[in-house]
Amino acid sequence: MKLLLNPDSEISSSEIRQIYQSSSDSSRVSSSTSSGPDEPIPCMDSCCRNKTLNVLSKQEELLLDLIEPKDPKISLYPEGIKNIDFSALTPNVTLSLGTVVAIENPNYGSFKYKNTTSYVTYHGEVVGEAPIEQRYVRARHKL
């Protein structure tokens with residue numbers, strides 16, 4: 001079998017094998033399914049390899065964007081004042097505020113947090129605290 005590369009030259013099967021063996025280290029030769037496994041057709045430039053690498057790098061970039069962990073969104077929603085207690089003799093006011101803490105997990109993996117305490121500050125001074133119970137936050141879910 002002979003392949004016609006340009007109108008002036010012909011290459012035999014043995015020459016193709018030599019080209020294939022000498023250039024197989026540089027990955028510039030691709031095999032053709034129509035000519036059989038013993039007769040690869042040489043690629044004259046590295047365009048196929050460059051396009052393949054470009055596609056693979058785009059797929060890797062998309063995959064990394066997909067699995068890159070993101071910070072959960074934590075929002076606080078006030079429900080209002082539940083209890084007010086005024087002291088007549090001292091300038092103290094005790095009040096209870098109802099709030100809802102919402103956690104949105106944008107990741108494809110779940111996480112768990114332990115018991116903790118939230119502090120309320122006023123002009124840099126702690127004026128209140130609230131316990132937060134441990135919870136399990138499922139993947140791509142909102143509490």
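Brief remarks on what is shown
- Region 84-143 - convex hull of alpha carbons, volume per residue in Å³: 101 Å³
- FRET E, pair LEU63, ARG138, Förster distance 25 Å, beta-carbon r, rounded to 0.05: 0.70
- Computed from the C-beta positions of GLU129 and LYS70, the FRET efficiency with R₀ = 22 Å rounds to 0.15.
- Here r is the Cβ-Cβ distance between ASN115 and LEU89 and R0 is 35 Å; the resulting FRET efficiency, rounded to 0.05, is 0.45.
- Rounded to whole Hz, the Karplus (6.51, -1.76, 1.60) HN-Hα couplings of region 51-62, x for glycine and proline: 5, 5, 5, 5, 5, 5, 5, 5, 5, 5, 5, 5
A short reminder: the numbers here are calculations on the coordinates, not readings from a lab. Keep in mind that this is a model prediction, so the values were computed, not measured. A quick note on method: Cβ atoms are made from the backbone with ideal geometry, for glycine too, and the neighbour counts reach across all protein chains shown.
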